Amino acid sequence: MTKISKNYKPTKKEKFMNAKMKEYFRQKLLDWKNELLKESSQTLVNLQKEENTAKPDITDRASEEIERAFELRTRDRERKLINKIDSALRRIDDGSYGYCEETGEPIGIKRLEARPVATLSLEAQEMHEEKEKKLNWIYNFLSIYIYYYDF
């Protein structure tokens, strides 16, 4: 395992995904994952406390239920994010981290800093989103067409 200083930041001047850079992103991902897990544990504690305190007012109960549902949706998104983090950590181990899954080109340090779980370069991500927009437009068009012409 490569040691890095606390103030190390990857730069374009160094070889892309060298040992220091990999260790930097590994630590960034592990810290992020640990923070998410800590928040998740706190949510469980909070939900267990709330279960034991029944609110007599229906408005209070409804408000509490909305907050609980929101919290659970947030935790579900974070669970999915943890899976992406685990996947990124595996890619660091197998040497594919930092390279676009579609083009094989480097994703770029700035993008990885902003989104350490990124699997596509900015250009590939934009193309992917453009294709998705077109498919959504086609799907919506066909849905309307089918609705009006009752196929």
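Quick note: the coordinates plus some simple rules give every number you see, no bench work behind them. Computed from a predicted structure; not experimentally measured. Positions of Cβ are backbone-derived with ideal geometry, glycine not excepted, and every protein chain shown enters the neighbour counts.
Using 0.36 nm per residue and subtracting the Cα-Cα separation, the extra length available between R90 and R61 on full extension is 6.1 nm. Report the residues of the stretch 95-131 in range of a label on L142: point 7 Å along Cα→C-beta, backbone N strictly under 19 Å from it. Residues 129-131 fall inside that zone.
The dipole here belongs to the chain: it is taken about the Cα centre, uses +1 on the Cβ of Lys and Arg and -1 on the Cβ of Asp and Glu, and is about 1000 debye. Full extension of the chain between L122 and E102 yields a length gain of 6.1 nm, computed as 0.36 nm times the residue separation minus the alpha carbon distance. Distant-in-sequence amide contacts of Y99, defined by a placed amide H-H separation under 5 Å and a gap of 5 or more residues or a different chain, comprise I107. With neighbours defined as other Cβ atoms within 10 Å of a residue's Cβ, the residues M1, M127, M17 order from fewest to most as M1, M127, M17. Once every Cα of the chain carries one equal point scatterer and solvent is ignored, give the base-10 log of I(q)/I(0) from the Debye formula at q = 0.13, 0.17, 0.18 Å⁻¹, two decimals. Taken in order of the listed q values, log10 I(q)/I(0) reads -0.81, -0.98, -1.03. Each 5 Å bin from 0 upward holds the following percent of the Cα-Cα pairs of the stretch 87-151: 4, 17, 18, 16, 10, 8, 8, 7, 6, 5, 1.
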